[in-house]
Amino acid sequence: MINRRSMAVWIVLTSLGCSISLAGKYNQKLDIGDAAPKWEKLAGVDGEAYSFDDFSSAKILVVVFTSNTCPYAHDYEKRLKQFQSAHGTSGEVKLVVLNPNAVRDDSLNAMKEYGKKQAFNFTYLKDEDGQVATSYGALRTPECFVIDANREIIYMGAFDDNSNADRVKVSYVDEVIAAALKGEAPEVRETPPVGCLIRQRRRR
């Protein structure tokens with residue numbers, strides 16, 4: 001419950017034209033329309049390092065947090081590869097996949113082996129300390145964020161409406177991208193992420 005003092009502060013700020021950033025319905029860190037958090041060089045399975053701004057040429061940036069070890073993430077690996085195949089050559093849409101899990105089987109070396117075994121065709125980066133996932137408010141794998149040309153969040157949540165590919169009725173990320181490329185607002189902007197909890201390194 002908001003006390004009288006907090007309410008008074010809110011009234012004063014809004015009367016002065018100050019914006020108050022609130023978290024989304026399912027995300028406790030970001031809201032739709034917020035600037036996408038940037039990151040500096042993260043190691044990729046291809047031996048290169050990538051920063052957020054390295055993808056500035058893409059009109060739409062899709063950031064997905066995933067892992068080698070989550071069964072839900074496994075359900076989406078084929079779909080992510082298909083997504084990359086569909087959009088990878090256009091230059092308008094860029095898929096970047098980050099692994100924030102702090103367990104041995106999600107180490108960078110394990111990612112390199114797993115990515116090669118699964119024939120990943122997308123950019124796969126290690127969020128070594130999990131700080132990028134934290135800055136995005138990501139809690140599960142897989143969890144998706146769609147970012148527009150202004151580098152603002154226009155969608156966050158699940159990739160689609162069913163972890164079973166044969167039962168998918170709504171492909172949220174695809175619909176958001178289609179709308180954004182037409183200069184239109186997507187019908188669905190946020191959904192609850194479904195998957196395994198991200199296993200962050202314990203901090204003392």
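The values are calculated or read from the model by the stated rules, or taken from the named source; none is laboratory data. As the structure is a computational prediction, the values presented were derived from the model and not from experiment. When we count neighbours, we look across all protein chains shown, and the Cβ atoms used for this are built from the backbone with ideal geometry, even at glycine.
Observations on the model:
- Contact map, the range 68-79: residues that are modelled with pLDDT of 95 or more and surrounded by 18 or more Cβ atoms within 10 Å (Cβ to Cβ) paired with residues that are of a type in the set (V, I, T) and not in a loop (DSSP other than H, G, I, E, B), Cβ distance under 6 Å, separation 6+ or inter-chain. Pairs shown: C70/T141; A73/T141.
- Residues of the range 146-174 that are of a type in the set (K, R) and under 15 Å from A58 (Cβ atoms): R151 alone.
- Note on the range 42-64: among residues that are in contact with a helix residue (DSSP H, G or I) (Cβ under 6 Å, 6 or more places away or on another chain) and not in a loop (DSSP other than H, G, I, E, B), the one that is surrounded by the fewest Cβ atoms within 10 Å (Cβ to Cβ) is A43.
- Residue count, the range 149-170 (criterion: surrounded by 13 or more Cβ atoms within 10 Å (Cβ to Cβ) and either modelled with pLDDT under 95 or more than 15 Å from the chain's Cα centre (by Cα) (or both)): 6
- Cross-chain or 6+ apart pairs with Cβ under 7 Å, the range 175-188 first and closer than 13 Å to V62 by Cα and assigned to a helix (DSSP H, G or I), then of a type in the set (G, A, S) and at pLDDT below 95: none
- Considering residues of the range 122-148 that are out of contact with any Leu (no Cβ under 9 Å at 6 or more places or on another chain) and surrounded by fewer than 18 Cβ atoms within 10 Å (Cβ to Cβ) only, the residue nearest to Y26 (Cα to Cα): T134
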